[in-house]
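*Asks:* One structure is given below, represented as structure tokens, and several questions about it will come after.
The values are calculated or read from the model by the stated rules, or taken from the named source; none is laboratory data. In this text the structure is predicted, and so the values were computed from the model without any measurement. Cβ placement follows ideal geometry from the backbone for every residue including glycine, while neighbour counts extend to all protein chains displayed. The area values use the complete protein model at the heavy-atom level, side chains included, leaving out ligands, DNA and RNA. Shrake-Rupley method; radii C 1.70, N 1.55, O 1.52, S 1.80 Å.
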Amino acid sequence: MKQDEIILAIETSCDETAVALVKNGTEIMANVVASQIESHKRFGGVVPEVASRHHVEQITVVMEEALQNAGITMEDVSAVAVTEGPGLVGALLIGVNAAKALAFAHDLPLVPVHHIAGHIYANRLITEMEFPLLALVVSGGHTELVLMKEHGSFEVIGETRDDAAGEAYDKVARTLNLPYPGGPHIDRLAQDGEPVLNLPRAWLEADSYDFSFSGLKSAVINTVHNAAQRGEIIKPEDLAASFQASVIDVLVEKTARAAREHHVKQVLLAGGVAANKGLRAALEAKFSDLPYELIIPPLNLCTDNAAMIAAAGSIAYQKGKRADWALNGVPGLDLEAQ
């Protein structure tokens, strides 16, 4: 009888300390995440040094909790997967070194994983992936359209030229005096507002799949300042709804065009901003009558977690991808080079 493959995965690329155990690439046995949002909220964003220190404090506790939740020991584990990059270098190093120590101590294969590949493979924990497929990745620092023709193969056909969508959300949230992280607060506000303000949509060149949100962010800031100088009051709900509509229109339309032009079978949503209710609803509405299967992960698999790293790590493990003890954190790791 074939023995189950169990991947223990570690994710520490930003401000979540996460450890998961996943069986045969698709079955979550445990998925533990220690968030640091409360620590970073007072600074209005993630402070790298603070994040690293929290990872040091949490990594062993989270690892032990994950094994306990799964009801197994390290003797049952087939391999250790870890986020190699991209991310904050200090934060990445905590996870990488914990993974190296664990793999060395238990004589297990060490499998490096790209963080964005993890976000994409979170969808495999929901349903099997069918190729060719298109992934819309929308997270804090990344907005990309990724074409996949087989497992482990990534072609970035569109990416952000300046601010990623998540960064624009955080900057606009600061303008509205909303707490960090800004995305969920703007999303909630937008549900109660109307997109009545005329804000720009950056379509770029006619055939481009790239994104640009810097101009939109500036337009929101200028709108707020100009209104204040005239003594006018703009309803925060309407501003949030108008901003969100501008972001979502571009994301959805470019995704639909790319899906059509590349004849894909599936369209996957991935990344932290995939938790945005407005974006989820707009994609569902757009693709309801299009011939592509739309896969949207549940909220707990959108934000950073280690189950997604295990799902991607399982494919890398099966393909024979291994790291040696010189493995390091790589802040600018290239997805297409995987």
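*Asks:* All but one of (1) touching a strand residue (DSSP E or B) at 6+ places or on another chain (Cβ under 9 Å); (2) within 26 Å of LYS321 (Cα to Cα); (3) surrounded by fewer than 16 Cβ atoms within 10 Å (Cβ to Cβ) hold for LEU145, so report the exception by its number.
*Replies:* Single failed check for LEU145: (3).
*Asks:* Just to check your reading of the model, which residue among GLY71, GLY44 is out of contact with any helix residue (DSSP H, G or I) (no Cβ under 8 Å at 6 or more places or on another chain) and over 26 Å from LYS319 (Cα atoms)?
*Replies:* Numbers: GLY44 fails: out of contact with any helix residue (DSSP H, G or I) (no Cβ under 8 Å at 6 or more places or on another chain).
Every option except GLY71 fails the conditions.
*Asks:* Scanning for something open to solvent by 20 Å² or more (accessible area, probe 1.4 Å) and out of contact with any helix residue (DSSP H, G or I) (no Cβ under 9 Å at 6 or more places or on another chain), does segment 158-175 turn up at least one residue?
*Replies:* The answer is yes, given that some residue of segment 158-175 is open to solvent by 20 Å² or more (accessible area, probe 1.4 Å) and out of contact with any helix residue (DSSP H, G or I) (no Cβ under 9 Å at 6 or more places or on another chain).
*Asks:* Now for a different question. On the given criteria, is VAL32 open to solvent by less than 30 Å² (accessible area, probe 1.4 Å), within 20 Å of the chain's Cα centre (by Cα) and farther than 25 Å from TYR180 by Cα?
*Replies:* On the way: open to solvent by less than 30 Å² (accessible area, probe 1.4 Å): yes; within 20 Å of the chain's Cα centre (by Cα): yes; farther than 25 Å from TYR180 by Cα: no.
Taking the combined requirement at face value, the residue does not satisfy it.
Okay, residues lined up against (1) farther than 26 Å from TYR180 by Cα; (2) open to solvent by 60 Å² or more (accessible area, probe 1.4 Å); (3) modelled with pLDDT under 95:
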site: THR17; (1), (2), (3): no, no, no
site: VAL22; (1), (2), (3): yes, no, no
site: PHE43; (1), (2), (3): no, yes, yes
site: GLN68; (1), (2), (3): yes, yes, no
site: ASP76; (1), (2), (3): yes, yes, no
site: ALA79; (1), (2), (3): yes, no, no
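*Asks:* Further question: (1) over 23 Å from PHE287 (Cβ atoms); (2) modelled with pLDDT of 95 or more: which one isn't true of LYS149, the others all being true?
*Replies:* Every condition holds for LYS149 apart from (1).
*Asks:* Sticking with this one: Out of all the residues in segment 290-302, is one or more outside any helix (DSSP H, G or I), modelled with pLDDT under 95, out of contact with any strand residue (DSSP E or B) (no Cβ under 8 Å at 6 or more places or on another chain) and surrounded by fewer than 18 Cβ atoms within 10 Å (Cβ to Cβ)? Steps first, answer last, please.
*Replies:* Step one: of segment 290-302, the residues outside any helix (DSSP H, G or I) are 290-298, 302.
Narrowing the set further to residues that are modelled with pLDDT under 95 leaves none.
No, segment 290-302 contains no residue that is outside any helix (DSSP H, G or I), modelled with pLDDT under 95, out of contact with any strand residue (DSSP E or B) (no Cβ under 8 Å at 6 or more places or on another chain) and surrounded by fewer than 18 Cβ atoms within 10 Å (Cβ to Cβ).
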